[in-house]
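Undergrad: Let me give you the structure first, and then I'll get to my questions.
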Amino acid sequence: NVVAVMDFESTKPIASFAVPNNEPGAEEMVTRIYEYLTPKSGLDRLVIALESTSFYGVHIANYLSTCPRLMPFHTEVYCLNPKSIANYKKSYIGLSKNDYIDAFVIADFARVGRITTKPWRGCQYLALQRLTRHRLHLVKALSREKTYMLSNIFLKFSEFNLLDDDEQPFSDEFGATASAVLTEFLSTEEIVDMPIEKLVEFICEKSRNRFPNPQKTAQLLQAAARNSYRLDKCLCEPLTVAIASSFTMISTYYAEIKKVNKAIENTIKGLNPNAFQSLMSIPGIGPVMAAGIMAEIGDITVFKSQESLAKYAGLVWRENQSGQFRADDTSMSKAGNSYLRYYLLEATSHIRLHCQEYSEFYYKKYAEVKTHQHKRALALTARKAIKLIFGLLAKNQLYSENRVGQS
């Protein structure tokens with residue numbers, strides 16, 4: 001950790017030094033900072049600012065905010081958005097780049113009162129946050145594995161995932177029956193050559209008789225196999241092994257996500273129950289989505305308004321206007337907390353299925369454009385949902401359909 005020490009009157013550091021990012025290094029940092037905070041100095045307030053660097057800044061921020069030696073000086077520790085620091089640094093023309101200069105820029109950013117966020121809130125929500133963020137990591141890995149597997153499926157069975165819904169033999173192309181078809185038959189020729197009665201028996205066995213019309217499913221499967229490209233025999237076994245491995249990975253990811261979901265529900269118990277109940281009262285939001293939102297927001301009093309919450313989540317749009325010109329297509333900021341944005345978007349996708357007002361708003365925005373319809377409509381609906389979420393959390397209220405329009 002590289003430190004620049006400044007007082008509120010100076011324009012240059014009165015000291016700069018580096019310490020290891022461990023507990024002895026943190027102790028040394030406190031000792032050296034304390035040298036400038038003697039009673040004779042007349043200083044009674046200490047502001048410590050550092051760039052948010054994922055988990056690397058957690059220990060030092062927590063140490064400094066709870067250090068007994070610094071508490072008499074009304075110490076406030078802030079984790080700042082690196083983008084804010086980078087933009088502030090642009091005001092210094094021709095400034096070089098090294099750790100000591102970066103530390104000076106951060107200190108000067110704090111000195112001139114540019115900090116608008118709230119101080120470090122400690123580890124109250126950290127345990128929950130590690131679980132909800134890990135869940136997102138697993139969800140992304142699951143999605144990536146599915147996308148990768150589809151490329152192998154196309155090579156082996158080209159028609160399998162390209163058919164229209166009425167021609168698709170399976171509603172879930174990652175289900176148990178689809179897995180059996182793709183891993184137990186080496187090639188599409190085996191499906192085509194199998195008697196229809198045997199294929200019906202196979203489908204009934206693998207699906208545990210869950211298909212309402214296994215005869216039709218078998219016919220659709222054979223038709224898809226018949227229309228697929230024929231594969232060179234040397235590719236049949238390697239592709240089958242790769243697809244089987246992907247199915248195992250997908251099954252493992254689902255099992256792990258289920259375990260993490262349970263851990264999230266256990267961790268959130270007793271952690272700000274009022275906020276949890278407010279979020280859970282919104283139709284469509286379950287414990288996991290509520291936990292994901294709470295873990296990233298923390299205490300709602302940190303945010304002055306629903307606009308500041310939306311900005312923190314990156315669900316804001318940059319204006320593009322000059323003179324009489326105003327652009328119709330504006331890009332979303334995405335400069336905020338990506339984890340909060342993910343959970344807000346996921347929660348909104350459920351809310352619109354349960355709340356008529358949000359469903360109508362979604363389809364209204366969906367119909368306004370011809371490109372990126374779903375993503376745009378969902379993002380705009382999430383921006384609307386932020387007003388509701390902020391209002392309920394700020395007032396400690398439960399959802400009421402009569403108050404939705406006033407949120």
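All of the numbers you see were taken from the coordinates with simple rules; none came from a lab. Everything numeric in this text was worked out from a predicted model, so none of it was measured. For neighbour counting, all protein chains shown are included, and Cβ atoms are generated from backbone atoms with ideal geometry for every residue, glycine included.
Undergrad: Among F202, A263, T301, whose Cα lies farthest out toward the positive end of the dipole of the chain, if unit charges sit on the beta carbon of Lys, Arg (+1) and Asp, Glu (-1)?
TA: Going by the charge dipole, the pick is T301.
Undergrad: Return the sequence-ordered ³J(HN,Hα) values of region 347-352 in whole Hz as given by the Karplus equation 6.51 cos²θ - 1.76 cosθ + 1.60 applied to θ = phi - 60°, using x for Gly and Pro.
TA: Karplus-based 3J(HN,Hα) across region 347-352 equals 5, 5, 4, 8, 4, 5 Hz.
Undergrad: May I pose another question? Using a basic spin-label model with each label point 7 Å from the Cα along Cα→Cβ, how many nm lie between H137 and L155?
TA: With each label placed 7 Å out from Cα toward Cβ, I get 3.0 nm.
Undergrad: Right, here's the next one. All other residues with a Cβ under 9 Å from the Cβ of L378 taken together, and with Lys, Arg as +1 and Asp, Glu as -1, what is their net charge?
TA: Around L378, the charge tally is +4.
Undergrad: Quick one: which residues, 5 or more positions from A49 or on another chain, have an amide H under 5 Å from its amide H? H modelled 1.01 Å from N in the peptide plane, none for Pro or chain starts.
TA: Y78
Undergrad: Here's something else I'd like to know. Considering the options A244, V112, L279, tell which one lies farthest towards the positive end of the dipole of the chain, charges being +1 on Lys and Arg and -1 on Asp and Glu at the Cβ, about the Cα centre.
TA: Farthest along the dipole direction, towards plus: V112.
Undergrad: Then there's this: If you keep only loop residues by DSSP, which GluC sites (Glu not before Pro) in region 330-407 have at most 14 other Cβ atoms within 10 Å of their Cβ?
TA: On the way: sites: E346, E357, E360, E368, E401; in loops: E368.
Here the sparse-neighbourhood loop sites are E368.
Undergrad: For region 272-403, how big is Rg over Rh, using alpha carbon atoms and the Kirkwood form of Rh?
TA: Details: Rg = 15.1 Å, Rh = 15.3 Å.
Rounded to two decimals, Rg/Rh equals 0.98.
Undergrad: Compute a Gaussian network model of the chain, connecting alpha carbons closer than 10 Å, and tell me which residue from S179, S359, S65 fluctuates the most.
TA: In the Gaussian network model the winner is S179.
Undergrad: Under the Karplus relation 6.51 cos²θ - 1.76 cosθ + 1.60, θ = phi - 60°, what is the ordered set of whole-Hz ³J(HN,Hα) values for region 59-72, x standing for Gly and Pro?
TA: 5, 5, 5, 5, 5, 5, 6, 10, 5, x, 5, 9, 4, x
Undergrad: Okay, next question. Taking the Cα centre of region 129-261 as origin, work out the dipole magnitude from +1 charges on Lys and Arg Cβ and -1 charges on Asp and Glu Cβ, in debye rounded to 20. Walk me through the numbers before you get to the answer.
TA: On the way: 17 positive and 18 negative charges, 195 e Å.
Dipole about the Cα centre, nearest 20: 940 debye.
Undergrad: Ratio of region 143-183's C-alpha Rg to 2.2 N^0.38 Å, to two decimals? Display every interim value, and only then the final one.
TA: Numbers: Rg = 9.8 Å, N = 41, 2.2 N^0.38 = 9.0 Å.
The value comes to 1.09.
Undergrad: At a Cα cut-off below 15 Å, give the aspartates and glutamates reachable from K90, other chains included and same-chain residues fewer than 8 away excluded.
TA: Cross-link targets: D102, D108.
Undergrad: Evaluated at 10 °C with a viscosity of 1.306 mPa s, what Stokes-Einstein diffusion coefficient in µm²/s does region 129-261 have when Rh comes from the Kirkwood expression over alpha-carbon pairs? Walk me through the numbers on the way to the answer.
TA: Working: Rh = 15.7 Å.
Once the numbers are plugged in, D ends up at 101 µm²/s.
Undergrad: Follow-up. Number of Lys-Lys pairs in region 193-309 under 19 Å by Cα, sequence gap 8 or more or different chains?
TA: Details: K198/K206; K198/K216; K206/K216; K258/K269; K259/K269.
Qualifying lysine pairs in region 193-309: 5.
Undergrad: I'd like the orientation of helix 356-366 relative to the chain: the angle between its Cα long axis and the longest Cα principal axis, in ° from 0 to 90, rounded to 10.
TA: It is inclined by approximately 80 degrees.
Undergrad: Two decimals is fine: what is log10 I(q)/I(0) at q = 0.08, 0.12 Å⁻¹ for the chain, from a Debye sum with one equal scatterer on every Cα and no solvent?
TA: Computed log10 I(q)/I(0) values: -0.65, -1.09.
Undergrad: Using the Karplus curve 6.51 cos²θ - 1.76 cosθ + 1.60 with θ = phi - 60°, work out ³J(HN,Hα) for each residue of region 235-251 in order, rounded to whole Hz, and write x for Gly and Pro.
TA: Karplus values, whole Hz, x for Gly and Pro: 8, 4, 5, x, 5, 5, 4, 5, 5, 4, 5, 5, 4, 5, 4, 4, 4.
Undergrad: What whole-number distance in Å separates the alpha-carbon centres of region 222-275 and region 160-177?
TA: 16
Undergrad: Taking a cut-off of 26 Å between Cα atoms, list the lysines near K364, but don't count ones fewer than 8 places away on the same chain.
TA: K311, K334, K375, K384, K387
Undergrad: Assuming 0.36 nm per residue, please report the length gained on full extension of the stretch R114 to L398 beyond their Cα-Cα distance. Walk me through the numbers before you get to the answer.
TA: Working: separation 284, 0.36 × 284 = 102.24 nm, distance 3.55 nm.
Working it through step by step, the gained length comes to 98.7 nm.
Undergrad: Which net charge results for the neighbourhood of A86, defined as the other residues with beta-carbon distances under 10 angstrom from its beta-carbon, given Lys and Arg at +1 and Asp and Glu at -1?
TA: Numbers: positive: K83, K89, K90; negative: E51, D102.
Spelling it out: positives minus negatives among the neighbours equals +1.
Undergrad: Here is a follow-up. If exposed means no more than 11 neighbouring beta carbons inside 10 Å and the site is in a DSSP loop, what's the longest run of the chain without any exposed chymotrypsin sites (Phe, Trp or Tyr not before Pro)? Working shown, then result.
TA: On the way: sites that count: F8, Y229.
Result, exposed sites excluded: 9-228.
Undergrad: Loop only by DSSP, 16 or fewer other Cβ within 10 Å of the Cβ. Give me the GluC sites (Glu not before Pro) in region 1-47 that pass, ordered by residue number. Each step should come with its number before you reach the end.
TA: On the way: sites: E9, E27, E28, E35; in loops: E9, E35.
Answer in residue order: E9, E35.
Undergrad: Next question, about the same structure. Compute a Gaussian network model of the chain, connecting alpha carbons closer than 10 Å, and tell me which residue from D166, D108, D99 fluctuates the most.
TA: Comparing D166, D108, D99 in a Gaussian network model of the chain, the most mobile one is D166.
Undergrad: From the residues S10, P20, I60, which one has its Cα farthest along the dipole of the chain in the positive direction, the dipole being from +1 and -1 charges on Cβ of Lys/Arg and Asp/Glu about the Cα centre?
TA: The one lying farthest along the dipole's positive direction is S10.
Undergrad: Could you pull out the trypsin sites (Lys or Arg not before Pro) across region 73-126 that fall in loop regions by DSSP (anything but H, G, I, E, B) with no more than 14 other Cβ atoms inside 10 Å? If you can, show how the numbers build up before the last one.
TA: Numbers: sites: K83, K89, K90, K97, R111, R114, R121; in loops: K90, K97, R114, R121.
Sparse-neighbourhood loop trypsin sites (Lys or Arg not before Pro): K90, K97, R114.
Undergrad: OK, next. Of G298, G94, G175, which is the most mobile in a GNM of the chain whose springs link Cα atoms less than 10 angstrom apart?
TA: In the Gaussian network model the winner is G94.
Undergrad: Then there is this: What is the angle, in °, between the Cα long axis of helix 126-156 and the longest principal axis of the Cα atoms in the chain? Nearest 10 is fine, range 0 to 90.
TA: Around 30 degrees separate the two axes.
Undergrad: Work through the residues other than G286 whose Cβ is under 11 Å from its Cβ and net out their charges, Lys, Arg +1 and Asp, Glu -1. Walk me through the intermediate numbers first.
TA: Working: positive: none; negative: E265, E346.
Combined, the nearby Lys, Arg, Asp and Glu give -2.
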